[in-house]
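Structure record follows, encoded as structure tokens.
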Amino acid sequence: MGKTKSKLSRYLYPSGVTGKTEINQDKVEFALTIGELPIGTLKLEKGIWVFNYSNEFKNQFIYKPLTEFPDIDKEYKSRDLWPFFLSRIPAANNINIVNRGYQEVDLVGLLKNFGSKTTTNPYTLQMGQ
């Protein structure tokens, strides 16, 4: 995953800008859905991204697990945001995300503002209250 993340970071952000997460947010939660079906939850807990499937998803037989998360009973954890979710953020040259003096990109803010829908898959991502 390291090479993939590196390639994505170069594509998404100009040189000097990294795809790190603002750590000052202790806990943030996003709900991934398709139609009315809750697929799973993406959380950021103290700098660690966590993804797990909902019970509703585990008990249905229409949709298959996401390619990056094949085991529906596993809790996935990573310091880096997975490409499935990174792909929901537009390229840096399409949005004004680089401000003078900032060397890091707030992935939570970008997901909140731009990650709800994407052309790459039918899922919706919404930040929790």
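The values are calculated or read from the model by the stated rules, or taken from the named source; none is laboratory data. Just so we're clear, the structure is a prediction, and the values are computed from it rather than from any experiment. Ideal geometry is used to build each Cβ from the backbone, glycine not excepted, and the neighbour counts take in all protein chains shown.
Key figures for this structure:
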{"item": "Filtered residues of segment 44-54 (kept if assigned to a strand (DSSP E or B), of a type outside the set (Phe, Trp, Tyr) and at pLDDT 95 or above)", "result": "VAL50, ASN52"}
{"item": "Residue identified as modelled with pLDDT of 80 or more and in a strand (DSSP E or B) among LYS77, LYS117", "result": "LYS77"}
{"item": "Close pairs from segment 46-70: first among the basic types (Lys, Arg), partner assigned to a strand (DSSP E or B) and loosely packed, with under 13 Cβ neighbours inside 10 Å, Cβ under 8 Å, at least 6 apart", "result": "LYS46/LYS27"}
{"item": "Count of segment 106-129 residues which are crowded, with 18+ Cβ neighbours inside 10 Å and in contact with a Lys or Arg (Cβ under 7 Å, 6 or more places away or on another chain)", "result": "3"}
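Residue-by-condition table, conditions (1) of a type in the set (Asp, Glu); (2) in contact with a Lys or Arg (Cβ under 6 Å, 6 or more places away or on another chain); (3) within 23 Å of SER116 (Cβ to Cβ):
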site: GLU36; (1), (2), (3): yes, no, yes
site: LEU42; (1), (2), (3): no, no, yes
site: LYS46; (1), (2), (3): no, no, no
site: TRP49; (1), (2), (3): no, no, yes
site: LYS58; (1), (2), (3): no, no, no
site: LYS64; (1), (2), (3): no, no, yes
site: PRO70; (1), (2), (3): no, no, no
site: GLU75; (1), (2), (3): yes, no, no
site: LEU81; (1), (2), (3): no, no, yes
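The rows are residues; the columns are (1) surrounded by 12 or more Cβ atoms within 10 Å (Cβ to Cβ); (2) modelled with pLDDT under 95.
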| position | (1), (2) |
| --- | --- |
| VAL28 | yes, yes |
| LEU37 | yes, no |
| THR41 | yes, no |
| GLU56 | yes, no |
| PRO70 | no, no |
